[in-house]
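Below is one structure; the comments refer to it alone.
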Amino acid sequence: MSTNESYKGYKGAALDTLKQFEALVWSDVVISTEKAEFTGIILPRSEAADPNHVVIKLRTGYNIGIEASKISNINIEGRKEAHYKIPEKAFPVDPKKPRVKLFGTGGTIASRLDYRTGAVIPAFSPGELYGSVPELADFCNLETEKLYGVFSENMGTEQWAGTANAIGAEIERGVKGIVIGHGTDTMHHTAAILSFMVQNSPVPIVMVGSQRSSDRPSSDAALNLMHSVKAAAESDIAEVTVCMFGPTSDSYGLLHQGTRVRKMHSSYRSTFRTIGDFPIAMVDRTKITPLRDDYRKRRTDKNVIINTAFEEKVAIVYYYPNMQPDIIDSLIDNGYKGIVIAGTGLGHVNKPLYPALKRAHEKGIHVYMTVQTLWGYVQMYVYDTGRDMMELGVIPSANMLPEVAYMKLCWALGQSNDPEIVRNIMLTPIANETTEREPSNGYLILQGGIPEVEEFISKYRK
Amino acid sequence: MKDFEFKPFEEMTPEDYATVGFKSGLEVHQQLLTEKKLFCHCPAGQYSDVYHAEILRHMRPTLSELGEYDGTALMEFKTKKDIIYRINRKNVCTYEMDDTPPFLINEQALDIAIEIGMMMDANIVDEMHIARKQYLDGSIPTGFQRTAIVSVGGSLPYKDRTINLIQMSIEEDSCREVSDIGHRRVYLADRLGMPLVETVTAPEMKTPVEVAEVCEIVRRVCRSTSHVRTGMGAGREDVNVSVDGGTRIEIKGVPKIKSIPLLTYNEAMRQWNLLKLREELKNRGITPETFEAKIDDVTRFVNKTHYKPVFDAIAEGKVVKCVTLKGFKDLLKWQTQTDTYFSREISDRVRVIACLTTQPNIIHSDSHEVTLSTSEGQKIRKFVGANTEDTLVIVWGSEMDATTAANEIVIRAKEATVGIPSETRQALWDGTNGFERILPGANRMYPDTDLPPKKITEERLARLTAALPEKYWIRENWYKELNVPVDLIKDLSTSIFGNIFKIAVSEMGISPKLASTVLIQFPKRLKKMRLNVDILTEDIFHNIFSAYKNNKLSKDGILYLLVRICKSGEYKEDYLSPLATEQDLKNKVKEKIFRFENKKLYNDDNKKVLMIGMVMRDLRGRINGKQVAEYINNNIN
């Protein structure tokens, strides 16, 4: 064992002390200081922690840090190394059940704990998954494939294209449903781009994650997995969807259209919401309840279209009052080909930006307007400022969410640089990224405190 | 095994407890007096049964840091409960509901915890690591309690010896249980997240009374910081008990110290009698290896029964299972605790693990109660192939619950051949205890990945040491030397006003009797008058004592002044009227005599008493009653 492994995570004074007494991590020891004796197991130390303390797990299960400079002796009595292992059981195969493929891209959907860094390590093989969520076998015969192991903020072009291609290959192999495990932070970005890269899918493509990692008893991971696997195996919803908790209670999940969904809370379980419309379906362990009927239905053919075109030089600019035009200038000077603006109100920016926008247009940069209010349409005819901007070449993109517009512009510019073609791609809806109408229940942010809302939340578990 | 029979509680002697090898340790929980909760910014100590919303959760076991599942975790998972949290928007935020990560630890709470550790001569840890202690019963929505060791070791003086401490931790309090019926358990979340410390003593108490006395000491040490909460539920304890050859059993959530002796007595008896039961089983040739039991569905033999619980169950489409315990005849009525028998050990498991919460949940052939008819009993006995030496246990419920129950009955009966199963048990009102859950091990401890380790700095320790009150037993001895009234010593020794007492007596020359009366007895009297004594501070008392010292306030005027302060909510210099002079007294008496002229009193002797009262009413706070009485007695006929 290398020194690195023997004294895992330790450095400085603490490392010196451990070396002095030849006390390796996982040693069962009695540590003496001037004042007291501590009996326990030396644990590896987090690499981010300071170099002055030795961590031991006491017999009671608690960990404490002892300052290395106070340690007068370490008596080694044995050794107990931890073996992390999720009980692995062969995933049962039932010929009557549909075949579902679970792709892993990272995130914390099913995981175990890394004692050292505190990070969670994904559990992923069918055996591991069956060991931790045996209920999955009620719905399907599960196959898994780890595509990537990245946090969701590190997803990029390569991962998106790779995932789209992997989906295409699985559909070709005749799978009945696809589930994609994904970190939640950028799940709606990936859901959007997959909605464009994978078209005409004959089977459900369900993205899933968890807001509480599965090393916690209250995790939403197991239930989200069950819901998503059930939706992939049994539903007739052949769309790219996101399947996450409806309320914070362990009750049901919602299937959101991949282009209309957004993460709306930094930590809540029910963080994903359909914006400007309502979800496609509710799903619990026993049933799938469609809320709409205009989704694409499951088919038996394999006629999926995979188009992984992508242009990376696209930016999203979140407008704020007093924004200086050099923000736009720097994008122009850095060779950007497309800009999505999240404007105020109906889609506005201030006048000082106009010359820069004009310059962008002249340089052939494609500029699209969305709204930072998230709900509602861009409407640039109402005020003069809007009309002025359209003259500068800024194109309103209806009620497309800013992140979705960004993803779509990347995809469109990957196919063409011709303004008319790009405009045509951008403004022709593929998967409800723009809709013709916003239903009256498409905008519902219930306001706490109002008597009728309070009555509602006292009756229904949210 | 020693030949000893437990006597009634009152007749047990310390020697009897020594005979059975009684041993007990404590885990004393004490809520800290903070403004806010431990890991979020909700107000602390606001309780209400009113709730605005409910949240539903389930708990799943996870792997421990050492890569193992915990026994309790698996048990709780078997029970498959819907957990409902009732939340009040004023005292619960999204943190408690596990929808927001923890905020950094409440520094005020940590200060108090360190202070308590110091008062117990414990070693404060250099670097605190916050752990997650799993609780799958749902009492905490995350499924774990955030907890961290603050100090290790330490000791407390007790009689002529010391009681050693193992450790003290700071942790967040759990929910209050509202109900637990069938597969649904309901909690109120108001108490959740309140900061508390848990002090763990070594198992060094030798009799039930010692356990209670040591608990009182821990409680008083905490109180002597004057930074802890008091009142219902602010202090609770878990009591660990074992006897020779027994198992360490934890009785959870004992609300009152005075119920400890009877509870620990009953637990010791339970263990002793279970060990004797094992011996009896062995004599009958029943060991873990030879133990035999079987489970049968007997629904069809009892579907016309007159026994209502079973009749109703069948009417609802439930099933009836029979467990045959080979050679167990009469053992279900083997006494375990006072008026409690082995059948309850079984019934408890069925209640908790199979969620069959309606009592009775089992019937058995060792009981003489009228349940199933004789012919029903005979049919079942014949069907399952039992003989007269066997005990039959009948349980009913849904197919799933009845199966879980029957399996659990077999498990518990078999455990009797091994000894005393490791469990946590709940304190019951009658001094006995019931099964709560399988004893969790160290395996349920995980590092909290949401919060970094926290170094406890030398500067912090120095600051807290400087402000540390004296230990209460040292204070007590000093008060005794000073002849402080005996009935005030105990309260004064843990009072928040210990410091001002010291100043009044040592520096201002106030008599210990007066100082202690003013600081301890007067606030109690004011409280009885329904006045808010919380506004009385060290400063106010300092002002009062110095006014008295400087002859600006009479002894009798102190209480009167305190009433004015409590009523107005503040202390004002002009509440102090100048002391009455001899001349003031003379004038006042003259004025009052005038009012008695031309009046005939029924009893003339009362005249002086009435006079004293009238004069005192006018001069209250400015003169001592004794002086008024003397003057009137000497000068009025």
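The values are calculated or read from the model by the stated rules, or taken from the named source; none is laboratory data. Fair warning: this is a prediction, and the values are worked out from it, not measured in the lab. Note that each Cβ is placed from the backbone with ideal geometry, even for glycine, and that neighbours are counted across all protein chains shown. Note: accessible area is taken over every heavy atom of the protein model, side chains too, but ligands, DNA and RNA are not part of it. Shrake-Rupley method; radii C 1.70, N 1.55, O 1.52, S 1.80 Å.
For the stretch B:192-207, which positions are of a type outside the set (A, V, I, L, M, F, W, C), buried (at least 24 other Cβ atoms within 10 Å of the Cβ) and away from chain A (no Cβ under 14 Å)?
Of the residues in the stretch B:192-207, the ones of a type outside the set (A, V, I, L, M, F, W, C) are B:193, B:195, B:198-199, B:201, B:203-204, B:206-207.
So of that shortlist, the ones also buried (at least 24 other Cβ atoms within 10 Å of the Cβ) come out as B:193, B:195, B:199, B:201.
Answer for the stretch B:192-207, where residues must be of a type outside the set (A, V, I, L, M, F, W, C), buried (at least 24 other Cβ atoms within 10 Å of the Cβ) and away from chain A (no Cβ under 14 Å): B:G193, B:P195.
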Quiz item: How many residues, within the stretch A:150-171, are within 26 Å of B:R60 (Cα to Cα) and in contact with a strand residue (DSSP E or B) (Cβ under 7 Å, 6 or more places away or on another chain)?
Solution: 0
Quiz item: Failed condition for B:A268, given (1) among the small types (G, A, S); (2) more than 24 Å from B:V20 (Cβ to Cβ); (3) touching a residue at least 24 places away in the same chain (Cβ under 8 Å), with all others met?
Solution: (2)
Self-check item: Complete set of residues in the stretch A:14-29 that are within 13 Å of chain B (Cβ to nearest Cβ) and either touching a Ser or Thr at 6+ places or on another chain (Cβ under 6 Å) or aromatic (F, W, Y) (or both)
Solution: A:W26
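Residue by residue, here is whether (1) β-branched (V, I, T); (2) buried (at least 17 other Cβ atoms within 10 Å of the Cβ); (3) in the same structural domain as B:I314 (by TED's automatic domain parsing) holds:
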{"site": "B:Q335", "(1), (2), (3)": "no, no, yes"}
{"site": "B:F342", "(1), (2), (3)": "no, yes, yes"}
{"site": "B:R351", "(1), (2), (3)": "no, yes, yes"}
{"site": "B:A354", "(1), (2), (3)": "no, yes, yes"}
{"site": "B:Q359", "(1), (2), (3)": "no, no, yes"}
{"site": "B:I363", "(1), (2), (3)": "yes, yes, yes"}
{"site": "B:E369", "(1), (2), (3)": "no, no, yes"}
{"site": "B:L372", "(1), (2), (3)": "no, yes, yes"}
{"site": "B:I380", "(1), (2), (3)": "yes, yes, yes"}
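If you take the residues in the stretch A:372-392 that are free of Cβ contacts under 8 Å to residues at least 40 places away in the same chain and touching a strand residue (DSSP E or B) at 6+ places or on another chain (Cβ under 6 Å), which one is nearest to A:L427 (Cα to Cα)? Reasoning before the result, please.
Start the filter on the stretch A:372-392 by keeping residues that are free of Cβ contacts under 8 Å to residues at least 40 places away in the same chain, which leaves A:373, A:378-385, A:387-388, A:390-392.
Filter once more, keeping what is touching a strand residue (DSSP E or B) at 6+ places or on another chain (Cβ under 6 Å): A:378, A:380, A:385.
Working: A:V378: 13, A:M380: 15, A:T385: 22 Å.
Applying the filter and picking the extreme gives A:V378.
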Exercise. Residues being over 17 Å from B:S226 (Cβ atoms) and in contact with a Ser or Thr (Cβ under 6 Å, 6 or more places away or on another chain): count how many of those fall in the stretch B:473-507.
Key: 1
Self-check item: the stretch B:279-312 - residue that is open to solvent by 50 Å² or more (accessible area, probe 1.4 Å) and either in contact with a helix residue (DSSP H, G or I) (Cβ under 6 Å, 6 or more places away or on another chain) or aliphatic (A, V, I, L, M) (or both) and, of those, nearest to B:Q378 (Cα to Cα)
Solution: B:N303
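Condition test on B:N603, is it loosely packed, with under 12 Cβ neighbours inside 10 Å, at negative phi and not in a helix (DSSP H, G or I)? Before you say what the answer is, go through the steps one by one.
Values: loosely packed, with under 12 Cβ neighbours inside 10 Å: yes; at negative phi: yes; not in a helix (DSSP H, G or I): yes.
Here the answer is yes, as B:N603 does meet what is asked.
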Quiz item: So which pairs qualify, if the first residue must be in the stretch B:523-542 and more than 20 Å from B:K555 (Cα to Cα), the second must be open to solvent by less than 100 Å² (accessible area, probe 1.4 Å) and in a loop (DSSP other than H, G, I, E, B), the Cβ gap must be under 6 Å, and the two must be at least 6 apart or on different chains?
Solution: B:I535/B:G569
Quiz prompt | Filter result for B:T391 (β-branched (V, I, T), modelled with pLDDT of 95 or more and farther than 29 Å from B:E177 by Cα) | solution = yes
Practice problem: Answer yes or no: is there a residue in the stretch B:156-163 that is open to solvent by 10 Å² or more (accessible area, probe 1.4 Å), within 13 Å of another protein chain (Cβ to nearest Cβ), farther than 26 Å from B:R89 by Cα and hydroxyl-bearing (S, T, Y). | Solution: no
Quiz item: Name the residues in the stretch A:272-325 that are open to solvent by less than 40 Å² (accessible area, probe 1.4 Å) and among the acidic types (D, E), would you?
Solution: A:D277, A:D284, A:E311
Quiz item: Quick one: which of B:L136, B:L66 is closer than 23 Å to A:F38 by Cβ, modelled with pLDDT under 95 and at the interface with another protein chain (Cβ under 7 Å from one of its Cβ atoms)?
Solution: B:L66
Quiz prompt | Residues that are within 27 Å of B:L192 (Cβ to Cβ), open to solvent by less than 40 Å² (accessible area, probe 1.4 Å) and not in a loop (DSSP other than H, G, I, E, B), drawn from the stretch B:221-252 | solution = B:V221, B:C222, B:V228, B:G235, B:E237, B:D238, B:V239, B:N240, B:I249, B:E250, B:I251, B:K252
Quiz item: Which members of the stretch B:477-513 meet the condition of being closer than 20 Å to B:L562 by Cα and not in a helix (DSSP H, G or I)?
Solution: B:S495, B:I496, B:F497, B:M508, B:I510, B:S511
Quiz item: Somewhere in the stretch B:439-453, is a residue surrounded by fewer than 21 Cβ atoms within 10 Å (Cβ to Cβ) and away from chain A (no Cβ under 14 Å)?
Solution: no
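Just to confirm my filter: which helices (runs of 4 or more DSSP H) fall fully inside the stretch A:369-462 and include at least 3 residues that are open to solvent by 20 Å² or more (accessible area, probe 1.4 Å)?
A:384-391, A:419-427, A:451-459
Look at the stretch B:146-155 and say how many of its residues are closer than 11 Å to B:A131 by Cα and at the interface with another protein chain (Cβ under 9 Å from one of its Cβ atoms).
First pass over the stretch B:146-155, keeping only residues closer than 11 Å to B:A131 by Cα: B:146-149.
After this cut, where a residue has to be at the interface with another protein chain (Cβ under 9 Å from one of its Cβ atoms) as well, the list is B:147-149.
Matching residues across the stretch B:146-155 total 3.
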Self-check item: Candidates B:D98, B:D126, B:D121, B:D111 - the one that is at positive phi and surrounded by fewer than 23 Cβ atoms within 10 Å (Cβ to Cβ)
Solution: B:D121
Quiz item: What is the one condition in (1) touching a residue at least 40 places away in the same chain (Cβ under 8 Å); (2) touching a helix residue (DSSP H, G or I) at 6+ places or on another chain (Cβ under 6 Å) that B:Y446 does not satisfy?
Solution: (2)
Quiz item: Can you pull out the residues in the stretch B:386-438 that are of a type in the set (G, A, S) and surrounded by 18 or more Cβ atoms within 10 Å (Cβ to Cβ)?
Solution: B:A386, B:G397, B:S398, B:A402, B:A405, B:A406, B:A413, B:A416, B:A427, B:G431, B:G434
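Specify which of the listed residues (B:I510, B:I500) is farther than 30 Å from A:E81 by Cβ and without any contact (Cβ under 8 Å) to a residue 40 or more places away in the chain.
After ruling out the rest, the residue left standing is B:I510.
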Self-check item: Every residue from the stretch B:118-133 that is modelled with pLDDT of 95 or more and either more than 30 Å from B:P469 (Cβ to Cβ) or more than 12 Å from chain A (Cβ to nearest Cβ) (or both)
Solution: B:M118, B:M119, B:M120
Quiz prompt | Subset of the stretch B:7-44 (residues that are open to solvent by 30 Å² or more (accessible area, probe 1.4 Å) and either polar (S, T, N, Q) or assigned to a loop (DSSP other than H, G, I, E, B) (or both)) | solution = B:K7, B:P8, B:T13, B:T19, B:L33, B:E35, B:H41
